[in-house]
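Asks: Submitted below is the structure of interest, expressed as structure tokens.
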Amino acid sequence: MKIRIGLGYDIHRLTEDRPLYLGGILIPYSRGLLGHSDGDCMIHAVVDALLGAMGERDIGQHFPNSDPKNEGRRSTEMLGVVSKWLYERGFQVSHIDTVIIAEEPKLNPYVSAMKESLCKLLKISPEDLGIKIKTNEGLGAIGRGEAIAVWASVLLCSKGEKENNE
Ligand code: MG
């Protein structure tokens, strides 16, 4: 049985005049995450964790800023591409856990919608994805509301193993 773990981290600056995309959804807020793509650092952390579990290099290597195709690109598309790769290589997602660190806005009301968006793309059940919301207790750049950071860990297993073990 093949089991792989992956770890991902990302941080993006919050800035005026940008929509806030996080966890694959649009969240109403006065500012958004700066980035070459839509800036969705939640998805970027999950994508990096999945790539790491597959022994691949990071998201910037696969979806470079230098490629005009990636400018303004929705991160949900990138997650869809990586999800396809892992299934093609005989893996399925056993579990994903994430921590979103944001002082503002209040994100708990959007956790269900984020889950729905990511679970659909990854073809997993809501109980296979953890999303935890934290503040940085007012400390540092995140605490001043200048950025949002996300940690993600994933466990991949061989296709079929998950069902066999249940
Ligand atoms: Mg990023």
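The values are calculated or read from the model by the stated rules, or taken from the named source; none is laboratory data. In this text the structure is predicted, and so the values were computed from the model without any measurement. Quick reminder, even Gly has a Cβ in these numbers, built from the backbone with ideal geometry, and neighbours come from all protein chains shown. Heads up: the accessible areas ignore ligands, DNA and RNA and are worked out on the full protein's heavy atoms, side chains in. Shrake-Rupley method; radii C 1.70, N 1.55, O 1.52, S 1.80 Å.
Asks: Given labels modelled 7 Å from the Cα in the Cβ direction, how far is it in nm from residue 34 to residue 9?
Replies: 2.0
Asks: Quick check: residue separation of residue 58 and residue 71 times 0.36 nm, minus the Cα distance between them. What number comes out in nm?
Replies: 2.9 nm
Asks: Here's something else I'd like to know. Around residue 152, with a cut-off of 10 angstrom between Cβ atoms, what is the net charge of the other residues, counting Lys and Arg +1 and Asp and Glu -1?
Replies: -3
Asks: Calculated from DSSP H runs of 4 or more alone, at -39500 (n - 2.57) each and per residue, what is the 222 nm mean residue ellipticity of the chain, nearest 500?
Replies: -8500 deg cm²/dmol, from helical runs alone.
Asks: May I pose another question? How many Å² of accessible area per residue for the range 67-159, probe 1.4 Å?
Replies: 49
Asks: What does the charge dipole of the chain about its Cα centre add up to, to the nearest 20 debye, if the Cβ of each Lys and Arg holds +1 and the Cβ of each Asp and Glu holds -1?
Replies: 220
Asks: Let me have the relative contact order for the range 22-162, percent, based on Cα pairs under 8 Å that are six or more residues apart.
Replies: 33
Asks: Using a 1.4 Å probe on the protein chains only, how many percent of the accessible area of the chain belongs to carbon and sulfur?
Replies: 51
Asks: Oh, and also: Name the residue farthest towards the positive end of the dipole of the chain from the options 141, 86, 42, assuming +1 on Cβ of Lys and Arg, -1 on Cβ of Asp and Glu, about the Cα centre.
Replies: 86
Asks: Binning at 10 Å from 0, report for the chain what percent of all alpha-carbon pair distances ends up in each bin.
Replies: Calculated over all Cα pairs of the chain, the distribution is 11, 41, 34, 12, 2 percent.
Asks: While we're here: Less than 19 Å apart at the alpha-carbon level, and either on another chain or at least 8 residues along: which aspartates and glutamates does that give for residue 134?
Replies: Candidates past the 8-residue exclusion: 10, 40, 97, 103, 104, 146.
Asks: Which of rounded, prolate, oblate describes the range 17-102, given a ≥ b ≥ c as roots of the alpha-carbon gyration tensor eigenvalues and a/c under 1.5 marking rounded, otherwise prolate only if a/b is larger than b/c?
Replies: Since a/c reaches 1.5 but b/c is at least a/b, the shape of the range 17-102 is classed as oblate.
Asks: Would you mind calculating the gained length between residue 104 and residue 2 on full extension (0.36 nm times residue separation, minus the Cα-Cα distance), in nm to one decimal?
Replies: 32.8 nm
Asks: Something else now. Which order do peptides 37-46, 137-146, 5-14, 78-87 fall in by mean Cβ count within 10 Å, highest first?
Replies: Going by the mean number of other Cβ atoms within 10 Å, highest first, we get 37-46, 5-14, 78-87, 137-146.
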